[in-house]
1. Evaluate region 36-52: report whether one residue or more is hydrophobic (A, V, I, L, M, F, W, C), at pLDDT 85 or above and out of contact with any helix residue (DSSP H, G or I) (no Cβ under 9 Å at 6 or more places or on another chain).
2. Return yes or no: is VAL57 crowded, with 16+ Cβ neighbours inside 10 Å and among the aliphatic types (A, V, I, L, M)?
3. Within region 13-35, how many residues are over 11 Å from the mean Cα position of the chain (by Cα) and on the phi < 0 side of the Ramachandran plot?
4. Among VAL49, VAL8, which is the only one that is assigned to a helix (DSSP H, G or I) and surrounded by 12 or more Cβ atoms within 10 Å (Cβ to Cβ)?
5. For region 60-68, indicate whether the set of residues that are at pLDDT 85 or above and in contact with a Leu (Cβ under 6 Å, 6 or more places away or on another chain) is non-empty.
6. Tally the residues that are in a helix (DSSP H, G or I) and either among the hydrophobic types (A, V, I, L, M, F, W, C) or in contact with a Ser or Thr (Cβ under 8 Å, 6 or more places away or on another chain) (or both), restricting the search to region 11-25.
7. Six or more apart or on different chains, Cβ atoms under 8 Å: show the pairs whose first residue is in region 11-34 and touching a residue at least 40 places away in the same chain (Cβ under 8 Å) and surrounded by fewer than 12 Cβ atoms within 10 Å (Cβ to Cβ) and whose second is assigned to a helix (DSSP H, G or I) and not aliphatic (A, V, I, L, M).
8. Residue check, ASP37 against (1) loosely packed, with under 13 Cβ neighbours inside 10 Å; (2) under 15 Å from LEU63 (Cα atoms), all met but one. Which one?
Amino acid sequence: MVGVLGDVRGRALQAERERDARPLMFCLEKVAGAYHDVHERRPLEGGRVGLAEAVKVVLGDGLKMFGETPRERI
């Protein structure tokens, strides 16, 4: 999960540099999928809330880059 989150900045810069949103879109899909995989396993207790917040920020900011308004609850 952390590795996927760490890749977002690089994919956003790549998308901007190449003027092609697909690298970022695919990366955001990976973030959502990885979060789902982690969430489906046993909860990480205290780390779960922080992880959910990080994913919410990353997905929200990514959607805004595409001109989309993210929902308050994902």
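1. Scanning region 36-52, I find no residue that is hydrophobic (A, V, I, L, M, F, W, C), at pLDDT 85 or above and out of contact with any helix residue (DSSP H, G or I) (no Cβ under 9 Å at 6 or more places or on another chain), so the answer is no.
2. Working: crowded, with 16+ Cβ neighbours inside 10 Å: no; among the aliphatic types (A, V, I, L, M): yes.
When the stated conditions are applied, VAL57 does not pass them.
3. First, the residues of region 13-35 that are over 11 Å from the mean Cα position of the chain (by Cα): 13-23.
Cutting the leftovers down to on the phi < 0 side of the Ramachandran plot gives us 13-18, 20-23.
Residues meeting the conditions: 10.
4. Values: VAL49 fails: surrounded by 12 or more Cβ atoms within 10 Å (Cβ to Cβ).
Result: VAL8 is the single residue among VAL49, VAL8 that is assigned to a helix (DSSP H, G or I) and surrounded by 12 or more Cβ atoms within 10 Å (Cβ to Cβ).
5. Yes; the residues of region 60-68 include at least one that is at pLDDT 85 or above and in contact with a Leu (Cβ under 6 Å, 6 or more places away or on another chain).
6. Step one: filter region 11-25 for residues in a helix (DSSP H, G or I), giving 11-18, 22-25.
This time we only want the ones that are either among the hydrophobic types (A, V, I, L, M, F, W, C) or in contact with a Ser or Thr (Cβ under 8 Å, 6 or more places away or on another chain) (or both), so: 12-13, 15, 24-25.
Residues that pass the stated criteria total 5.
7. Every condition considered, no pair remains.
8. (2)
The values are calculated or read from the model by the stated rules, or taken from the named source; none is laboratory data. What you see is a predicted model, and the numbers here were worked out from it, not measured in a lab. A quick note on method: Cβ atoms are made from the backbone with ideal geometry, for glycine too, and the neighbour counts reach across all protein chains shown.
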